[in-house]
Amino acid sequence: MTDVVATNQTILVVGGGISGMTAALEAAECGKDVILIEKKPSLGGRVAQLYKYFPKMCHPTCGMEINLRRIKANQKIRILTMAEVTEITGDSGNYSVNLTISPRYVTENCTSCAACGDAVETEFDDEHNYGLKKRKGAYLPFLMAYPQQYVIDPRLIGTADADKAKSVCKYDAINLEMQEETLTLNVGAIIWATGWKPFDANKIQAYGYDRIPNVITSVELERMMDPTGPTGGKILRPSDGKEAKDIAFIQCAGSRDRNYLKHCSRICCTATLKHTTYVREQYGDEGKSTIYYIDIRAIDRFEDLYHKTKADKTVSFLKSKVANITQDKTTANPILHGVNTEGYQRYTNAHELVVLAIGMEPSVDFKQLGVNLSINEHGFIENDPSNGGMFGAGVATDALDVNRAVQSATASALRAIQVVNQVATAEG
Amino acid sequence: MSEQYRNNFLREVEANVEEGEWVKRCMQCGVCSGSCPLGPHWEHPPQELFMMIRAGKRDEVLKSSSMWMCTSCYNCIARCPRELPITHIMHGLAHYAERLGLAPKNQQTNKFAQRFWNNLSKTGRVNELKLTLSFYFMNGFMAGVKMSLNMQKVGLGMLLSKRLNPFEILGGHGCKDSKGLQAILKKAREIEDAKIAKFQG
Amino acid sequence: MADKKKLGAYICKGCGISERLDIDELAKIAKSDGKVAIAKQHDFLCNSDGVKMIQADIDAGEVSHIVIAACSRRAKTDAFRFDNVAIARTNLREGVIWVRPDTEDAKETTQEMAEDYIRMGCAEVKFMTLPSASGEQGRVDHVLVVGGGFTGLTAALEIAKAGYLATIVEKTGALGGTAAQLYKRTPVRSPFADPQDNGIADLIQQIESNDKITVHLNATVSKTEGAPGRFNADISPDIGTKTFGSIIQASGFTPYDATQLPEFSYGKTPDVVDQLGLEALAKEANGGAIKRPSDGKEVKNVVFVQCAGQRSEKEGHLSYCSGHCCMTSVKQAMYFKDANPTVDAMVIYTELRMPGAAGEDFYRNGQDKGVTFTKGIVSEVVSEAGKVSVKFKDLILNEEVDLESDLVVLATGMVANSGIDSEILLTEEDEKTEEKAEEKTEEKTIIPIVPAESILNLEYRQGPDLPQLVNGFTDSHFICFPYETRRTGIYAAGPVRRPMDMAQATEDATGAALKAIQALENAGIGRAAHPRSGDLSFPIFRKEGCTQCKRCTVECPFGAINEDEKGYPQFNEARCRRCGTCMGACPVRVISFENYSVETVGQAIKSVDMPDEFDEKPRLLVLACENDAYPALDMAGMTRREYSAFVRIIPVRCLGSVNTIWISDALNSGYDGIILMGCQKGDDYQCHFVKGSEMAHYRMSKIGDTLQQLQLETERVQTYEIAITDMERVPKIINDMAATIEKIGMNPFKF
């Protein structure tokens, strides 16, 4: 790890999701040296947890595969996983960045042969599946994970299972003595592509996510649809494991709300339109989707998807922010209470499953991180000359869809290049 | 006169109704209307009232019994994504309608509220015994007798546990300077009337 | 030529490979059938020791072409990266042992599978050449920016800031474009409260004082030819031909022609304006009261009609949403409120689309300033006797309203200035699909096309402008690759690419600037652009054999190939994306890549040991797109989904590169069934080479006739659209084919 070479003409990209990968690749493909760091064991970020993208209904892993191939083919990018920034000093064109790298307990010798995963018995909540399923203590985070290298859960260290994992590895790839490392890098520019996290649905008390099993979030639905996911690609009710065919989608769950996130998360409406196609994909005309919304924000060509969805007889729209959800004790159906504001109709609607179109929240609290960045009241990075050689990319700058995040990441790569090119000119 | 979809009435509400300046912030999500425990009893739920205010429906709003349904449970305020103090606006609207003489005359909440106010403003303190009796007999003598009989046990219990002083019926006690209070209330009314007058005619 | 090549095979025994397969036998076959000089085994080929072993042979000059028989080509790429040798990866792990049951019964067929893959790897590498960069490189650190509006100016400035030169060609007499017509713009910084200066004067000042930027006003690009690194653009009038490394097209948009909305009285009365009309009134008022055009009286009430002629299926309307208009109307309503709070400003909308942090904050701030919002549908704006009234249905209060108003602002949409739609030209050209062309043209007339004058005047076989996507915009089709372009080295930015506001145009211009710089850097060293970034191979063309059939020039998804006067293809390497569609299209097989050719795949196909008819061991060939189908097959292996041992899989760059000779060769050499696995085609195509999968499907639809002539069942060749997630489906498709063969019998051409 410590052989990482960086100079003040190196660009550091923080975050290995779609934005970070894009920023790193675009800069490297311009011939720049890039270090890409990711706090999780693999690249991919949130998009790796999505089943499909709107509006084309293509699979995020398809674009991931291309990006991974670009990374594999490019020797200008150095990737550090399980790495986090702890401190940044210096100025534009000459930053000193302290990183900590958590132990993976598995070395580059790993062939991902899966022997350790088979041997270990202890299981933990699977983060990749938002805890909807368990994974082994020695694991490959997901099938497309890159680096294609197993990880040993730190909670396994010191147990007999850890020794078992080590003993079955034929390739001397497990090192249980691995320690946290610290590393200081000298870089010229920094791109923050730290992305988002789903808003904590438990905080929306009235929707009962914490107490009504058949209220789930949109990100969980994405996992359910994945054939390798917790339900094997089926939309199943957590209460009884039965298929849910009548599904309510609640917009602005946590967004556009001064109690939670004040901003509009932009993607949720179109994501829900996409979700209705999931329902159709599973059940055809048998499925039923009901969308409770304030405004359907399907801008520019996403309007086509909205138009198509409106024409789908299995989908209905109700202009209403749902007031609260209760549960039918016998059927475990969530019951939605509220008012359709178009013409004032009161409703009490039971559905088999409720999907909260959960808002996007910046995943890093930059103020707490102590980095001198211009952060707005929503927690997003704003471009400001005082940021020096540091730039936001993707959802670290605003609630964005993938296309816009990649656009922003590409722009940030140029901004970083401008800084390191100036350094290069100054140094001759 | 308030014209449709002009902002005269909205401005009138902003000037004269408690927290009225918040009305324009409503984004018509309807969470207030859905959250109200008395919801089904509202002819126009809060979010609709706000839209009606913006649409200049002055008479329909002020003559409505809807805002009199509010029991101050604060569900709507807690859930409003736009921070509107809906409960207060409802009371503000009700109060304003009453001041203008537009409030529905036989509306129970209104009637009680009027009695409460009369009782309170006379001496500066609420005379609970008189208030209770006036409430019982609010809808006529027979109804009052019936209600009193119904509440007999409660009343006796309160009497025994000294929670009710029967001598309050003779007048009871007031605040220290009830004349001063009357002057304050008079002045306040003058100010409010002047404000309202701006929007009359 | 083969004698100069020194072949070596390196077989890994790790990950259970040696427990399941007879490695000695594999090594023997590599030598006997694969004709390798060296065949080595290693317990753990990808560790430093194994890698050292290979490197030592390379360094000693023992090998120039190597076969690594281990895991999938997608795995262990860092370990198995060797410079200066041609490499073939043979997939014994994900492709053999992980998809086969570990049983005695299966042992023989699994071993045969592995042996064939060894033969195939050896055959492939034998016909490979190590790619060397195109001889065509040119390097010009200069970007042409077409359009001097906000997007173009921003792009030029960002390019200059990175140290490159930029030339702006603007067709009008002034810089600034539509943005310069704005009184103010929507805010870019939190708390997103007030309209702010449009910033154009400052931007122009920066452009004019930057010595890396040249500006040509009243100028157009009358001809563009060449390729990344050597674009020659004629700038008219009088400037002459200049050379550029890459191009950004920032030709912006034209406001939708509101006179097409007679129901809203636009043009009937000056008191109905569009958003740009309102900007002009606001500029005139300059912070004071905005006056009514008809009589100059101060506007006391104004109504904003959202989605005027947009989001509508009516003929002549725009079906899409222009995205910025809600923000713009709120900004404009603020002009009134800021000048005089007693003015009534109402926005009538169906969906208020103000997304993100900026959108919601700005909406709230508009409300705080007293702008009112009504969810409603406007049916008509009536102008009579000097009065204007708006008829709408209030959807909340559920009632019809007729509201007199001093001024009505129509939020009409953006129409892209994308030049000439090459797709229509191409379709029209194709005689066979004449009918279809008519249909298409008819369809297109629904979208009001801006008088189509070419923007770039490309001297390209496939038309003078960037291909359009939907709604006339030159957008990228890919969600994850917004700067994917179908004309390498030319990037669209701003509202010509997609409807957008200035905040997004800033990001878009900067992103496009990066791609333009990247394109010229890549061209300078002869490397491919996305998605095969870094690929040095390029199409090599053997002119002698060419019959000038033009298939390659027509089918190239990126318009990379021109035709000379005699009709021979002219390859423009820097324009090429290395998908191989031309190679697949060529009926006489004169197009190839150094490391990927009709031979590398064809020889691999033919190298398998074909059992005779009575062995009851059919052979199935799978040609799988390397980006989606092949990873899906890998993941089938990783999840231990079994499939038939009779299959032999070859990854291809794109299904478009599949030449039908491979199919006929395979059938002739005894394969019983052939499966082609490509990506989704059609409107929502997922093929990263745009048309590759579609072309392959088209070609295979024709192969049915050939099969029938040969009296072979058409079921023997099947083409599928596979998604990368189809790890359950791909084994099933293979097994189904095996079952089909069992049913219809073996290929009679076996010998």
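Numbers for the structure displayed
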read-out	value
Among B:141, B:55, B:158 - extreme Cα towards positive end, dipole of the range B:47-201, charges at beta-carbon	B:158
Relative packing of peptides A:61-72, A:412-423 - highest average C-beta neighbours within 10 Å first	A:412-423, A:61-72
Where the Cα pairs of the range A:115-168 fall when distances are cut into 5 Å bins, in %	5, 23, 30, 24, 15, 3, 0
Peptide-level mean, for C:389-398, of C-beta atoms on other protein chains within 10 Å	5
Among the listed pairs B:24/B:187; C:31/C:606; C:617/C:702, those beyond 20 Å (Cα-Cα)	B:24/B:187; C:617/C:702
Drop in accessible area of at least 50 Å² in the complex versus isolated chain, residues of the range A:288-323, 1.4 Å probe	A:295, A:297, A:299, A:300, A:301, A:303, A:319, A:321, A:323
Helix C:325-339 axis, angle to chain C major axis (alpha carbon atoms, nearest 10°)	30
Percent antiparallel among DSSP beta bridges (both partners in chain A, rounded to 5)	50
Hypothetical label at residue A:425: residues of the range C:205-237 whose amide nitrogen lies under 16 Å (7 Å Cα-Cβ projection)	C:206-214
Calculated SAXS-style log₁₀ I(q)/I(0) at q = 0.22, 0.23, 0.24 Å⁻¹ - the range A:215-317, Debye, Cα scatterers	-1.22, -1.29, -1.35
Under 19 Å from the Cα of residue C:543 - aspartates and glutamates, other chains or at least 8 residues apart	C:136, C:555, C:563, C:564, C:565, C:573, C:594, C:599
Accessible area, probe 1.4 Å, largest first, for residues C:178, A:86, C:224	A:86, C:178, C:224
Neighbourhood charge, 13 Å Cβ-Cβ cut-off, centred on residue A:336 and excluding it, Lys, Arg +1 and Asp, Glu -1	-1
Residues along the range A:214-243 losing 10 Å² or more of accessible surface when the other protein chains are present rather than the chain by itself (probe 1.4 Å)	A:227, A:228
For chain B, cysteines whose Cβ has no other cysteine Cβ within reach (under 4.7 Å)	B:26, B:29, B:36, B:70, B:73, B:80, B:175
Neighbourhood charge, 14 Å Cβ-Cβ cut-off, centred on residue A:77 and excluding it, Lys, Arg +1 and Asp, Glu -1	+2
A/C buried area, accessible surface, summed, 1.4 Å probe, Å²	7700
Efficiency of FRET between residue A:184 and residue C:52 - r from beta-carbon atoms, R0 35 angstrom, step 0.05	0.65
Convex hull volume per residue for the protein assembly as shown, taking Cα atoms only, in Å³	218
Helix axis angle, C:356-368 relative to chain C longest principal axis, alpha carbon, degrees	20
Cross-link partners of residue B:63 among lysines (Cα-Cα below 19 Å; sequence separation of 8 or more within a chain)	B:105, B:111
Student exercise, the range C:610-751 dipole from Lys, Arg, Asp, Glu Cβ charges, in Debye to nearest 20	200
Distance violations [Cα-Cα > 19 Å] among C:223/C:566; A:133/A:203; C:52/C:76; C:291/C:337; C:4/C:35; A:52/A:203	C:223/C:566; A:133/A:203; A:52/A:203
Extension gain, residue B:126 back to residue B:195 (0.36 nm per residue minus Cα-Cα distance, nm)	22.0 nm
222 nm mean residue ellipticity, helices alone, for chain A (DSSP H n ≥ 4; -39,500 (n - 2.57); rounded to 500)	-7500 deg cm²/dmol
The range A:115-168 - percent of accessible surface contributed by carbon and sulfur, probe 1.4 Å	53
Residues losing 50 Å² or more accessible surface upon assembly, the range A:143-180, compared with the chain by itself, 1.4 Å	A:143, A:148, A:171
DSSP beta bridge pairing in the protein assembly as shown, given as percent antiparallel to the nearest 5	40
Accessible area buried at the C-B interface, both sides summed, 1.4 Å probe (Å², nearest 100)	1900
Total charge dipole magnitude, the range C:1-130, about the Cα centre, Cβ charges on Lys, Arg, Asp, Glu only, Debye to nearest 20	540
Gyration tensor (alpha-carbon) shape descriptor, the range B:108-191, a/c threshold 1.5	oblate
Sequence of C:151, C:714 from largest to smallest accessible area, 1.4 Å probe	C:714, C:151
Accessible surface of the range A:199-359 [probe 1.4 Å, protein heavy atoms]: carbon and sulfur percent	47
Accessible area of the range B:34-97 divided out per residue, in Å², using a probe of 1.4 angstrom	31
Net +/- balance of residues flanking residue B:48 in space, Cβ distance below 13 Å, scoring K and R +1, D and E -1	0
Listed residue pairs exceeding 23 Å between alpha carbons, taken from A:32/C:515; C:283/C:369; A:197/A:242	A:197/A:242
Size of charge dipole - the protein assembly as shown - debye, nearest 20, with Cβ of Lys, Arg +1 and Asp, Glu -1, no other charges	4140
Degrees between helix C:434-445 axis and first principal axis of chain C (Cα, 0 to 90, nearest 10)	30
Calculated FRET value between residue A:7 and residue C:232, using beta carbons and R₀ = 41 Å, to 0.05	0.65
Cα gyration tensor category, rounded, prolate or oblate, for the range C:277-414 with a/c compared to 1.5	rounded
For chain A, the Rg and Dmax computed from alpha carbons only, in angstrom	22.9, 76
Along each principal axis, Cα extent of the range C:547-706, largest first, Å	55, 32, 30
The range C:1-130 - Rg and Dmax from Cα coordinates, angstrom	13.7, 43
Translational diffusion coefficient (Stokes-Einstein; Kirkwood radius from C-alpha pairs) of the range B:8-104 at 4 °C, 1.567 mPa s, in µm²/s	101
Cysteines having no other Cys beta carbon under 4.7 Å from their own, within chain A	A:30, A:58, A:62, A:110, A:116, A:169, A:252, A:264, A:268, A:269
Packing-based order for A:223-233, A:137-147, B:148-158, using average beta carbon neighbours within 10 Å, highest first	A:137-147, A:223-233, B:148-158
Geometric extent, Cα atoms of chain C - Rg, Dmax (angstrom)	31.1, 98
Mean-position separation - Cα centroids, the range A:389-428 and the range C:110-182, in angstrom	18
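The values are calculated or read from the model by the stated rules, or taken from the named source; none is laboratory data. Just so we're clear, the structure is a prediction, and the values are computed from it rather than from any experiment. A quick note on method: Cβ atoms are made from the backbone with ideal geometry, for glycine too, and the neighbour counts reach across all protein chains shown. Areas reflect the complete protein model, heavy atoms only, side chains present, ligands, DNA and RNA absent. Shrake-Rupley method; radii C 1.70, N 1.55, O 1.52, S 1.80 Å.
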